[in-house]
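Here the structure comes first, spelled out in structure tokens, and everything after it is commentary.
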Amino acid sequence: MERLTTRPMNIDKEAEEKRVIRALKRLEKIWPEGLWLFSANGTLNLMRTHPDGSRNIPGEEGMDPSLKIQSFKIQNDGGDW
């Protein structure tokens with residue numbers, strides 16, 4: 001038999017949001033130099049920098065796709081505020 005609860009739905013949502021915030025704060029503390037996140041077409045990509053610290057294709061303005069390590073299905077947007 002399914003158990004009903006009287007708790008408002010937003011309590012679980014808030015707990016979930018707080019859990020994610022704590023995880024991101026832990027990640028921020030251990031984030032290594034030379035790695036960065038790039039949002040491309042709704043995909044979040046973990047990238048490394050070139051040995052000189054640059055992110056672009058050598059001699060060009062665009063991001064160097066060969067620096068991609070892994071992609072993640074986490075909703076994101078690369079636009080400015």
* If the Cβ limit is 7 Å and pairs must be 6+ apart or interchain, which residue in the stretch 26-39 that is at negative phi and β-branched (Val, Ile, Thr) pairs with which residue that is modelled with pLDDT under 95 and surrounded by 10 or more Cβ atoms within 10 Å (Cβ to Cβ)? -> none
* **Pairs where the first residue, in the stretch 40-61, is free of Cβ contacts under 8 Å to residues at least 12 places away in the same chain and assigned to a loop (DSSP other than H, G, I, E, B) and the second is charged (D, E, K, R) and surrounded by 10 or more Cβ atoms within 10 Å (Cβ to Cβ), C-beta under 8 Å, 6+ apart** => 57/64; 58/64
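The values are calculated or read from the model by the stated rules, or taken from the named source; none is laboratory data. These numbers come from a predicted model, not from an experiment. Cβ: placed from backbone, ideal geometry, glycine included. Neighbour counts: every protein chain shown.
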